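The values are calculated or read from the model by the stated rules, or taken from the named source; none is laboratory data. Please read all numbers here as calculations on a predicted model, not as lab measurements. So basically every Cβ, Gly included, is an ideal-geometry build from the backbone, and we count neighbours across all protein chains shown.
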Amino acid sequence: MSGEYQRTSVIHRLDAGFKLLVLAIAGTGLMAVNDWRVLAFALICALGLYRLGGFTMRRAYEQVRPMRWILVLLFVVQGAWQSWDLAAVVVLRISALVLLAMLVTLTTRSDALIAAIEKMLQPFRRFGVNPAKVGLAFSLALRFIPVIGAQAQEIRDAQRARGLEANPIAVALPLVLRTLRMAGDVADAIEARSPYDDDDELPPRFAEKAASTPARTSCTQTERQLETSSISRSLPL
Amino acid sequence: MTTIEVRDVHQRFDDFEALKGIDLTLREKRIGIVGSNGSGKSTFARLLNGLVLPTRGQVLVDGADTAKNGKAVRRKVGFVFQNPDNQIVFPIVEEDVAFGLKGLKLPKAQRAALVEEVLDRYGLGRFRSHPSHTLSGGQKQLLALAGVLVTRPDCVVFDEPTTLLDLRNARMVARVIAELEQTVIIVTHDLKLLENFDRVIVFDQGRVIADDTPGPALAHYVERMS
């Protein structure tokens, strides 16, 4: 989620629902194939799609980098215990799947992605599924991955400062507690920020055209202040 | 102008009574709420838009009971939380601002215009396509405020909006709040923020111990704390 959907390649312009459908079909296809040569070809095709989307190969590698050690471990374990062919099948399949899935999120606005998910879930309304809630859950997952990552880093730093070296349990416990506390606040915020129900009629305050609506405040200094903000200068975009 | 009536409100959390019989009528344009930690001021703020419902008593916003008309109350009273990270629910700036309009029968173009207008107003226009987690603390607080103001509430309640900010960002947010046309109710420890307010209410151990203009109310609070 780096805002790279602002680019305008063919892949960026494709409909979000179409991309999700292709991803689902490709995912199913990759699971059905057991020949490492075909999977290697699929991986090359996935990399080709990154080029088509205007991304460098380095950017593509960054998508699988966080799981590189898991892939290495899988390859070694499968190779040593089963066969090297099967090891190649497993690793190539996961890599191609992750690359394709990440390409969809890199090239699609999250609101378009969520709208597509909500649309796809409409038929399941009759079974009690609320598409809007599922869409919101997806949105929250995308939104809070970096927040929880930052919290984990904060906890690790605090523990290191107190002399405790890498200990997954020592990090996990406070992280889970913090996340649970945050979840309560987020639930309150969603409640406070969603005053309208589905199909609510337009209240009078929105009746006039937005463009001709006079601003309720005139915060003339804000832009200048933001420009001098040291943190805003470090925005990676 | 919004009128909020708080009638004999008690708030209990298990064995702890956070508020003990609060009776207030709020109709001033700028109201500050101060008090020590655990004095009940944040609970009081959350009562005002129905995020917390009173264990006993009633809160009425322009006659609408928060316990019976939660949605109607939240359309009138927006709420800005202390930590903007917990209030921003969409990964991209403009998507987050648009969240408040979800559910409204608004044409797409008008929705986009409303979002654009509020982003531009707070100097966030050029960040509209940025991931929200990359904004600075002050920008996140402004984004949280933009997300509330896009729904055009008549009153905005702030729960310690400057507590997590550095001096520069705190001043920027304070100036934006001062320029709002809406009724503003702020829970804060930053007493300077309340200097030009119409009314300051001091909480202590779940009760109102002072309710006056900023001068005497803050003097009473400072004396009590020292």
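The table for this structure:
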| quantity | calculated |
| --- | --- |
| Candidate set: region B:72-122, residues that are more than 8 Å from chain A (Cβ to nearest Cβ) and either on the phi > 0 side of the Ramachandran plot or assigned to a loop (DSSP other than H, G, I, E, B) (or both); chosen: the one modelled with the highest pLDDT | B:Gln82 |
| Conditions (1) touching a strand residue (DSSP E or B) at 6+ places or on another chain (Cβ under 7 Å); (2) assigned to a loop (DSSP other than H, G, I, E, B); (3) not hydroxyl-bearing (Ser, Thr, Tyr): number failed by B:Ala210 | (2) |
| Hey, B:Thr151 of a type in the set (S, T, N, Q), outside any helix (DSSP H, G or I), more than 9 Å from every other protein chain (Cβ to nearest Cβ) and in contact (Cβ under 8 Å) with a residue 60 or more places away in the chain or not | no |
| Subset tally (residues that are surrounded by 20 or more Cβ atoms within 10 Å (Cβ to Cβ), free of Cβ contacts under 8 Å to residues at least 40 places away in the same chain and more than 20 Å from A:Lys133 (Cα to Cα)) for region B:65-110 | 2 |
| Residue match in region A:148-163 (condition: among the aliphatic types (A, V, I, L, M), within 13 Å of chain B (Cβ to nearest Cβ) and assigned to a helix (DSSP H, G or I)) | yes |
| Test for B:Ser226: is it among the polar types (S, T, N, Q), in contact with a helix residue (DSSP H, G or I) (Cβ under 7 Å, 6 or more places away or on another chain) and either surrounded by fewer than 18 Cβ atoms within 10 Å (Cβ to Cβ) or within 14 Å of another protein chain (Cβ to nearest Cβ) (or both) | no |
| Set B:Ile88, B:Ile92: member being among the aliphatic types (A, V, I, L, M) and within 28 Å of B:Gly50 (Cβ to Cβ) | B:Ile88 |
| Odd one out for B:Asn196 among (1) more than 8 Å from chain A (Cβ to nearest Cβ); (2) part of a helix (DSSP H, G or I) | (2) |
| Qualifying residue in region A:171-186 (condition: in a loop (DSSP other than H, G, I, E, B), over 20 Å from B:Ile88 (Cβ atoms) and without any contact (Cβ under 8 Å) to a residue 60 or more places away in the chain) | no |
| In region B:45-64, the residues that are within 12 Å of chain A (Cβ to nearest Cβ), of a type outside the set (A, V, I, L, M), in a loop (DSSP other than H, G, I, E, B) and touching a residue at least 60 places away in the same chain (Cβ under 8 Å) | B:Asn49 |
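One line per residue, one yes/no per condition, for (1) surrounded by 23 or more Cβ atoms within 10 Å (Cβ to Cβ); (2) at pLDDT 95 or above; (3) of a type outside the set (D, E, K, R); (4) part of a strand (DSSP E or B):
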| residue | (1), (2), (3), (4) |
| --- | --- |
| B:Ser129 | no, no, yes, no |
| B:Gly147 | yes, no, yes, no |
| B:Leu165 | no, no, yes, no |
| B:Glu181 | no, no, no, no |
| B:His189 | no, no, yes, no |
